Every structure is written in structure tokens, then in C-alpha cells.
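Presented below is the structure to which this report refers.
Please treat every number below as a calculation from the coordinates, not as lab data. Here the structure is a predicted model, which is why all the values come from computation and not from measurement. Cβ coordinates were reconstructed from backbone atoms using ideal geometry, including for glycine residues, and neighbour counts include every protein chain displayed.
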Amino acid sequence: MCIFGGWMFAAAMDLIVAADDAMFLPALMQYFSIPWDLPLRKAKEAVFRDRFIGAEEACRFGFVNYVVPRDRLEEETMALANEIAENDPFTLRMAKLAMNSAQDEMGFSNSIRNAHSQYSQYMVHGLDSYTKDKLEGRGFRR
């Protein structure tokens, strides 16, 4: 299960290899990368329906790079890491920098900062109503 904080950690990775039985549930606001991690309508569906996303579906959407049988997860992940490690480290570093810079030019960092600011405001100003809604059975099921 890769939920909330687990999603946030996974979203920050360069590549994701998932076991075939992995299940993902995105975080709502703290590090809100889901509009960047999934196609926008699927991101909205996952959040609006508060539903898990299976490994194969996450792979189809591009959140996960590879899905492997659970009993081969470490072996397959290490094989991928070894293959990547055969490349020139400087070239890899420059390629990663170029891709991350392109993502930032498209607004990624600003989007993350804005979502965190909104989350902070929500927690400061909305905690009472959130708690009341939860006690009365309203709001997200999380």
C-alpha cells in the first residue's frame, strides 16, 4: 500500500518499479503532485472518488515505470539500477537537470508551493470545520 505520504515519496522519485499487487492512493494537499503524476481527468477521478489505483493502472497512466511480480521486485529493481549505473554519471546528471528544469518551466515547483500554501491555510483556518464535518459523517472518507 502506497498511500498519502507514500504517494508523496514515490512521486518525488525518478523511476518507480512496483510490485504487481501494489495499490496507490494520492495525498490530497501537502505535496500535491497528482495533476503532474496522472492525466488530469484521472487525477480528478482518483481524488474525487477517493479510490485506490492498482499497479497496472498506475503504469498505464505513467506514474509507475514497471510492474513486476512481487517475488521478483528486488531482483528487477536492482537489474534496472545496474543498467542505469552503466551510463556516464555526468550525462545522467545533465539529462535529469534538463528534464527537471523543463518541468519547472511548465510550472511544477510553483504548483507544489501553491498547493502547500493552500494546505497550510486549510489546516489553520479549516481544521475546526473539517473535524466537525468528519464527526458528522461529511467530507472525504479518508
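Things to note:
- R0 of 30 Å, Cβ-Cβ distance A102-F9: FRET efficiency to nearest 0.05: 0.85
- Taking amide H as placed 1.01 Å from N in the peptide plane, the amide H of F32 sits under 5 Å from that of H116, each at least 5 places away or on another chain.
- 5 angstrom amide H check on C2, placed H, neighbours 5+ away: M23, F24, L25
- Given R0 = 22 Å, the distance between the Cβ atoms of M1 and F48 translates into a calculated FRET efficiency of 0.60.
- Length-normalised contact order for the stretch 2-135 - Cα pairs under 8 Å, 6+ apart - percent: 27
- Tail fraction, Cα-Cα pairs, the stretch 2-135, threshold 25 Å, whole percent: 37
- Added length on full extension, which subtracts the Cα-Cα distance from 0.36 nm per residue, D88 to S109: 4.8 nm
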